[in-house]
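Some notes on the structure that comes next.
The values are calculated or read from the model by the stated rules, or taken from the named source; none is laboratory data. Here the structure is a predicted model, which is why all the values come from computation and not from measurement. We place every Cβ from the backbone using ideal geometry, glycine too, and count neighbours over all the protein chains shown. Heavy atoms of the whole protein, side chains included, go into the accessibility calculation; ligands, DNA and RNA do not. Shrake-Rupley method; radii C 1.70, N 1.55, O 1.52, S 1.80 Å.
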Amino acid sequence: MGSENLEEVISKLMRGEVSLSKLDEVLGNKNLAVVARRVFLERKLGIKLSAIASTILDFEQIVGRNIENPIGAVQVPIGIAGPLLIHGEYARGEYYIPLATTEGALVASINRGCKAVTLSGGVRTRIIRDGMTRAPVFRVRNIDEALELVKWVNEHFEEIKKVAESTTRHGKLVRIEPYIMGNNVWLRFEYTTGDAMGMNMVTIATDKACEYIEKNFPGEAYLVSLSGNMCTDKKPAYINMLLGRGKTVVAEAVIKRDVALKVLKTLPEYIHEVNLRKNWAGSVRAGSLSINAHFANIIAAIFIATGQDIAQVVESSMGFVWTEVRDGDLYFSVTLTSLEVGTVGGGTRLPTQQEALKILGVAGPGDPPGTNAKKFAEIVTAAVLAGELNLLAALSARELARAHERLGRGRSG
Ligand code: NAP
């Protein structure tokens, strides 16, 4: 389509004769539609959007999958921390961690944590639970029918599993956990999802399973909502802390006393005290759902770099820090209760995000399926440990404000 038609379409947009969402169709070219939307906005608002226009993205590939009504892209700087030595079940060796952020001092902070961990012999990681959840809510008539529904679902688990799994090659239904309140019944479906974070996969599978339940349950069970908020997606919730969502991962390291002194400029006892009084006492006093200083910082930076669902930073960054002083060294562990990550699907297929996953050696499907996502989860948790360790160390040495002054306000030169 020529520029005349583009001009014509933009004029129609200005006159309100065509809607922004119809442009892909009207112009027959998704990249041209991006230009039309952007020029329309520029003219309407009297501003220039040349920075947003500057992108390598091919919108033919991503409209309808990752975005609607695009006008360009946002660029976020990406830095690297490491090497970080990891002794996981899936991640073994030294890794460089890609971190996309605009918070000055964050990459430097994680980088110093990586150094302290690696010099101390590395970090051990283990996945202790794995399962993505979707929890539809059903309305029944009364408590007897609620109990009947739960009993029926238990008795027909194998059939429901077969129906759910008919929608996917990689999604496997592991369990259905029932919850009752009055005449409401939640069925919390939990699946393993291979290398995908799995949210679309399990939603589609659960939809099919619910159809089967509504049709075949002899009583009256009405599906009120495919998501009944006990999943729980993109909200902080105790259920994810207790039962997990995505991957529950533990990382632990023993930081040597001389490394703490030389690299972190502090002592194990001081870091331990900050963890007890700040993370534990402070979080309890504040009524916080999590016991940590800044898991979200590391999770968000890795999520942005690698194409994860950013809103899932909410539950992915929930978790605990546990410390002990052992023979003068520092035992330091982090537990992430609900880390939702994937190496296929969602934003992982975009070109810059793919490259960031390649830095970690986890782009695309694993062999066997699921191993790339597990390796990635271990790396993320190890990086969280490094970042958390460094912040607690900096606080114990009273360095925090100085580092932000130097690195966050452009005064390093
Ligand atoms: P997806 O891209 O929807 O699904 C993953 C796809 O990859 C499936 O088609 C799967 O096929 C295929 N696949 C190929 N190799 C695989 C492997 N080794 N392991 C696993 N799958 C493999 O991704 P998703 O993770 O299910 O969903 C992520 C998206 O959901 C994100 O964009 C996120 O923002 C969005 N999201 C959706 C909801 C919702 O309620 N729907 C909620 C939150 C977020 P098979 O299925 O045949 O195995």
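Numerical summary
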item: Residue identified as charged (D, E, K, R) and either touching an Asp or Glu at 6+ places or on another chain (Cβ under 9 Å) or buried (at least 19 other Cβ atoms within 10 Å of the Cβ) (or both) among 129, 124; result: 124
item: Tally of residues being open to solvent by 80 Å² or more (accessible area, probe 1.4 Å) and either assigned to a strand (DSSP E or B) or polar (S, T, N, Q) (or both) across the stretch 217-256; result: 3
item: Within the stretch 139-162, considering residues that are buried (at least 19 other Cβ atoms within 10 Å of the Cβ) and within 12 Å of residue 209 (Cβ to Cβ), the one farthest from the chain's Cα centre (by Cα); result: 153
item: Some residue of the stretch 70-82 being in contact with a helix residue (DSSP H, G or I) (Cβ under 8 Å, 6 or more places away or on another chain), in a helix (DSSP H, G or I) and modelled with pLDDT of 95 or more; result: no
item: Matching entry among 163, 153 (being within 17 Å of residue 216 (Cα to Cα) and out of contact with any strand residue (DSSP E or B) (no Cβ under 7 Å at 6 or more places or on another chain)); result: 163
item: Test: residue in the stretch 258-274 that is surrounded by fewer than 18 Cβ atoms within 10 Å (Cβ to Cβ) and outside any helix (DSSP H, G or I); result: yes
item: Residues (touching a Lys or Arg at 6+ places or on another chain (Cβ under 7 Å) and either more than 16 Å from the ligand (Cβ to nearest atom) or open to solvent by less than 40 Å² (accessible area, probe 1.4 Å) (or both)) located in the stretch 180-215; result: 183, 184, 189, 190, 191, 202, 203, 206
item: Selected residue (only one of 312, 354 is open to solvent by less than 30 Å² (accessible area, probe 1.4 Å) and either touching a helix residue (DSSP H, G or I) at 6+ places or on another chain (Cβ under 6 Å) or modelled with pLDDT of 95 or more (or both)); result: 312
item: Search result, residues across the stretch 350-372 that are within 8 Å of the ligand (Cβ to nearest atom), under 19 Å from residue 66 (Cβ atoms) and within 16 Å of the chain's Cα centre (by Cα); result: none
item: Single residue of the stretch 65-81 satisfying the filter (among the aliphatic types (A, V, I, L, M) and closer than 20 Å to residue 105 by Cβ) that is surrounded by the most Cβ atoms within 10 Å (Cβ to Cβ); result: 81
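Let's see how each residue does on (1) in the same structural domain as residue 301 (by TED's automatic domain parsing); (2) part of a helix (DSSP H, G or I); (3) crowded, with 21+ Cβ neighbours inside 10 Å:
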position: 320; (1), (2), (3): yes, no, no
position: 341; (1), (2), (3): yes, no, yes
position: 365; (1), (2), (3): yes, no, no
position: 383; (1), (2), (3): yes, yes, yes
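Conditions (1) open to solvent by less than 50 Å² (accessible area, probe 1.4 Å); (2) closer than 27 Å to residue 350 by Cα, marked per residue:
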position	(1), (2)
12	no, no
25	no, yes
28	no, yes
31	no, yes
37	yes, yes
47	no, no
60	no, yes
